[in-house]
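Reading through the structure tokens given below for one structure.
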Amino acid sequence: MKLLVTGGAGFIGSAVVRRAIAQGHSVVNVDALTYAACLENVAEVAETPGYAFEHVDIRDRAALDRVFEAHAPDAVMHLAAESHVDRSIDGPGDFIETNITGTYNMLEAARGYWAAQGKPGTFRFHHISTDEVYGSLPPDPEVKFTEETPYDPRSPYSASKAASDHLVRAWHETYGLPVVLTNCSNNYGPYHFPEKLIPVVILNALAGKPLPIYGKGDNIRDWLYVEDHADALLLVVQKGELGRSYNIGGENERTNLELVQTLCRILDLKRPKPNGSYADQITFVTDRPGHDARYAIDPSRIRTELGWRPSVTVEEGLERTVQWYLDNEAWWRPLQARHGVGERLGVKA
């Protein structure tokens, strides 16, 4: 299968690209190379005969039309998006332009290509989204997001992703475009850009800096190892039912404080401090505006219909992730100089 992957130089997208190539697929990686993208993420497959890269912004419709015509993909996996909630609070415009208008451009380019090919029934447009579109959950562990949970986005980021989800469903219902959708929980793992919680904690700990935790650290997230997510996404694009959405979760709920404490314990074992524990660096800071209390996914549909389950616990995945950052300073060190990295964002509301 030839896959057109948008955002393939980003965190999740690059995991999909690497996994797709390993499974024998051909990949056209379409990426604008914004601040959070890094071609080193796909360096291990860049010389593979089945790999091609297109430096294209999804806001450029003419460029997208050219890419579809030149590469004739069998399916689209649309991951390109602005994704950092704190940045969306400070500058929502980029999120509207990329996540909404960019998705519209992708849908129209795909629809034009699909129609020109005679509307083949094997074509797929897979839209990858987030569980944040559902809003916030109560602390009751029995209550989780399902595919029928009403949308209730609370941040500019989640609102822009909710809008893009609705566009994809509308293009399916109105134009018959063959689509599948997925909504995932919080990802983590190798190549995670160093502005998100887990890499921030790892790198701040190593640098002897405070480990910032918003509020009391009691916000709960369901953590999904990125390579497990990539496997699930490739399964859905090949076997998912048209017009259907699938929630992908790690089945690993932790409070932010518990997560950071786990990271500190792993670091204490792998790279001990001369005195004390990395947990001594934990610092509670002013909470993010509109910070959702809890996310948790019920992955019953993808488990029942497609047979997917996560392969690692959060403890196993975090240990792998910490080791990867310890072994790959040459990757993350230059990224720390990029705009906004290491700064507290999302406090202008």
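Quick grid of which residues meet (1) at positive phi; (2) modelled with pLDDT under 95:
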residue	(1), (2)
Asn252	no, yes
Gln261	no, no
Asn275	no, yes
Tyr278	no, no
Thr283	no, no
Arg288	no, yes
Ile297	no, no
Thr304	no, no
Gly307	yes, no
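One line per residue, one yes/no per condition, for (1) farther than 21 Å from Pro334 by Cβ; (2) surrounded by fewer than 21 Cβ atoms within 10 Å (Cβ to Cβ); (3) not hydroxyl-bearing (Ser, Thr, Tyr):
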| position | (1), (2), (3) |
| --- | --- |
| His192 | no, no, yes |
| Val200 | no, yes, yes |
| Leu203 | no, yes, yes |
| Ile213 | yes, no, yes |
| His229 | yes, no, yes |
| Val236 | yes, no, yes |
So how many residues does the stretch 286-299 have that are outside any loop (DSSP other than H, G, I, E, B) and loosely packed, with under 14 Cβ neighbours inside 10 Å?
0
Across the stretch 329-339, what is the total count of residues that are closer than 19 Å to Ala37 by Cβ, exposed (fewer than 12 other Cβ atoms within 10 Å of the Cβ) and either touching a residue at least 24 places away in the same chain (Cβ under 8 Å) or not small (Gly, Ala, Ser) (or both)?
3
Among the residues in the stretch 268-275, are any among the basic types (Lys, Arg) and part of a loop (DSSP other than H, G, I, E, B)?
yes
Please note which helices (runs of 4 or more DSSP H) are completely contained in the stretch 16-111 and include at least 2 residues that are basic (Lys, Arg).
61-71
From the list Ser158, Ser129, which one is more than 15 Å from Arg244 (Cα to Cα), touching an Asp or Glu at 6+ places or on another chain (Cβ under 6 Å), buried (at least 21 other Cβ atoms within 10 Å of the Cβ) and not basic (Lys, Arg)?
Ser158
List every residue pair whose Cβ atoms sit under 6 Å apart, with the two residues 6 or more apart in sequence or on different chains, where the first one lies in the stretch 304-328 and is within 17 Å of Tyr225 (Cβ to Cβ) and the second, anywhere, is among the polar types (S, T, N, Q) and surrounded by 14 or more Cβ atoms within 10 Å (Cβ to Cβ).
Val314/Asn252; Leu318/Thr262
Please determine whether any residue of the stretch 341-349 is over 24 Å from the mean Cα position of the chain (by Cα), more than 18 Å from His84 (Cβ to Cβ) and of a type outside the set (S, T, N, Q).
no
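The values are calculated or read from the model by the stated rules, or taken from the named source; none is laboratory data. Remember, it's a predicted structure, so these values are computed and weren't measured experimentally. Because the Cβ atoms are built from the backbone with ideal geometry, glycine has one as well, and the counts that use them run over all protein chains shown.
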